[in-house]
């Protein structure tokens, strides 16, 4: 498969993406940094969507257990506002609120998890069905989080190379600064 047809996450996770950086041009380092930043925004967006759905399901589980007296509709603003963007083990990153340019829906686990219309059938779902949906969403969220970690690691290595060049006074070393 050619480089141009590989998924961005596959490119970033490949060992050569963030190795031997000292041999790359500043233009190539900038391109890779942008690729990491774009994918981070996309993965952050997917993660927020998955986490929101997980929060809704957790509320429904609590409601069914008698721990919540309100309906999901009554509690919706509070449920959705309670989610924080901090992810254990990952640095806090500022993520734009706008929807990123997303690839077409495909066969990825995140696409399948987000395509589930469970909210429309939530009242009729059995506890077992609810647990199965939670499991699928949690697995998709864990996969997205693993991908984000790989993006962060590659991005940090690239940024370190750019900073090193800047400090050493390489021509065009200003690449360590945001584009």
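Out of curiosity, is residue 123 modelled with pLDDT of 70 or more, surrounded by fewer than 12 Cβ atoms within 10 Å (Cβ to Cβ) and either more than 19 Å from residue 58 (Cβ to Cβ) or over 22 Å from the mean Cα position of the chain (by Cα) (or both)? Reasoning before the result, please.
Working: modelled with pLDDT of 70 or more: yes; surrounded by fewer than 12 Cβ atoms within 10 Å (Cβ to Cβ): yes; either more than 19 Å from residue 58 (Cβ to Cβ) or over 22 Å from the mean Cα position of the chain (by Cα) (or both): yes.
Spelling it out, residue 123 is indeed modelled with pLDDT of 70 or more, surrounded by fewer than 12 Cβ atoms within 10 Å (Cβ to Cβ) and either more than 19 Å from residue 58 (Cβ to Cβ) or over 22 Å from the mean Cα position of the chain (by Cα) (or both).
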Might you let me know whether segment 148-155 holds any residue that is closer than 14 Å to residue 46 by Cβ, surrounded by 14 or more Cβ atoms within 10 Å (Cβ to Cβ) and touching a helix residue (DSSP H, G or I) at 6+ places or on another chain (Cβ under 9 Å)? yes
Inside segment 6-53, can you point out the residues that are within 22 Å of residue 112 (Cβ to Cβ) and without any contact (Cβ under 8 Å) to a residue 24 or more places away in the chain? 6, 7, 10
Within segment 59-76, considering residues that are within 26 Å of the chain's Cα centre (by Cα) and touching a residue at least 60 places away in the same chain (Cβ under 8 Å), the one nearest to residue 115 (Cα to Cα): 60
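The values are calculated or read from the model by the stated rules, or taken from the named source; none is laboratory data. Note that this is a predicted model, so its numbers are computed, not measured. Methodologically, a virtual Cβ is constructed for each residue, glycine included, from the backbone with ideal geometry; neighbour enumeration extends over all protein chains shown.
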